1. Among the residues that make up the stretch 305-319, is at least one of them over 24 Å from R74 (Cα atoms) and outside any helix (DSSP H, G or I)?
2. If you check G288 against the conditions, is it small (G, A, S), under 24 Å from L121 (Cβ atoms) and not in a loop (DSSP other than H, G, I, E, B)?
3. Taking the stretch 62-94, which residues are in contact (Cβ under 8 Å) with a residue 24 or more places away in the chain, at negative phi and over 19 Å from the mean Cα position of the chain (by Cα)?
4. Out of the residues in the stretch 191-230 that are assigned to a loop (DSSP other than H, G, I, E, B) and among the charged types (D, E, K, R), which is surrounded by the fewest Cβ atoms within 10 Å (Cβ to Cβ)?
5. Pick from A101, A83, A96: which is hydrophobic (A, V, I, L, M, F, W, C), at pLDDT 95 or above and loosely packed, with under 15 Cβ neighbours inside 10 Å?
6. For the stretch 256-263, state whether one or more residues are surrounded by fewer than 15 Cβ atoms within 10 Å (Cβ to Cβ), of a type outside the set (D, E, K, R) and either at pLDDT 95 or above or on the phi > 0 side of the Ramachandran plot (or both).
7. What number of residues within the stretch 196-234 are among the charged types (D, E, K, R) and under 20 Å from the mean Cα position of the chain (by Cα)?
8. Run down V28, V42 and say which single residue is buried (at least 18 other Cβ atoms within 10 Å of the Cβ), assigned to a helix (DSSP H, G or I) and among the aliphatic types (A, V, I, L, M).
Amino acid sequence: MHELLTTPLEDPAAWRGDRMAERSDWIVTLDETMVAELESAVAAVAARGIELFEVTRPDFPLPRMSGHFETMLRELEGGRGFALLRGLPVAQWSDAENRIAIWGLGTHLGLPVGQDLAGNLLHDVRDTGRRFGSDDSIRYYQTNHAIRLHTDGGDVFALGCVRQGAKGGRSLVVSAVEVFNEIVRRRPDLAVVLQENFWMDARGQRPDGARCQVLPIYTRHDGHLSILLKPEYIDSAQRFDEVPRLTDAQREALDLFHRITQEPGVALEFDLRPGDVLLASNHTIMHGRTGFEDASEPTHGRHMLRLWLTIPNGRPLPSHYADTREYAQTYRQRMPA
């Protein structure tokens, strides 16, 4: 049984964007010695010709950054829920070297998990020229659309910026715990609705072929409040005949949820610069972006590299996460041997 939460939760992951914007402790800027260490690690992997997904932490030594990794892991689970690493020299690296860098950094934070049905461990987040809805498998990260606040998979995502677009693409980060607390203060009945099952479009990514997943948006488990939300996929699931129509209470709960996230001061907004890596918990943080436009040259378009990671200090996961495309691998990795 999961714990139904009907009162605000005191948690370091409950924060407002306007207050977070006044702080800089969530930004870790690499100094010259750390950059040199990172460059050396990338060059060593490239010179040895190791296959990217076979690179392990010992292959990618970063002793000067170890303290930062420990701090970031504590913030990702048990703290504010996110961090920004700044200063990777992406412009001087090739595409292959940038992939080595983001993968190598990931090995110091956790275990990568697959992000799609094919089990791909590293995704290129950029506009493919396709539109959401053009087929049943296209996902928002493959377009230039604005993406509403949502969560990814694994305990944490790492999103490294290789290139910005010509216009737009501003990042949004919101505390899902703070939004829940605000819903409880205003409408505790709707907070209960959000802890009940919703149908979500699986976008053709489940191994069993199921078209939808059925689970709560918020779950309180073992003292932790976690969120799993892809609002567009709740909407797109409604096209299936077997999916129940959203109830009035569900629509009202979702409307209140989204209104709160759009209120001034709730979201932290910033531009991911080339060389930035955003790390955020998929349990307590929602992220999104504004729409963007690319330059006319295809090789100059907005380009991000994304990992999903299981972290060593991750929270216990509720049993219904074991059957989700987002958390099944993390759930299995967390189980005792």
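The values are calculated or read from the model by the stated rules, or taken from the named source; none is laboratory data. Predicted model only: the values in this text are computed from it and were never measured. Backbone-built Cβ (ideal geometry, glycine too); neighbour counts: all protein chains shown.
1. no
2. Here the answer is yes, as G288 does meet what is asked.
3. Answer for the stretch 62-94, where residues must be in contact (Cβ under 8 Å) with a residue 24 or more places away in the chain, at negative phi and over 19 Å from the mean Cα position of the chain (by Cα): L62, P63, R64, M65, S66, H68, L88, P89, V90, A91, W93.
4. D208
5. A96
6. yes
7. Looking only at that region, the number is 6.
8. Selected residue: V42, the only one of V28, V42 that is buried (at least 18 other Cβ atoms within 10 Å of the Cβ), assigned to a helix (DSSP H, G or I) and among the aliphatic types (A, V, I, L, M).
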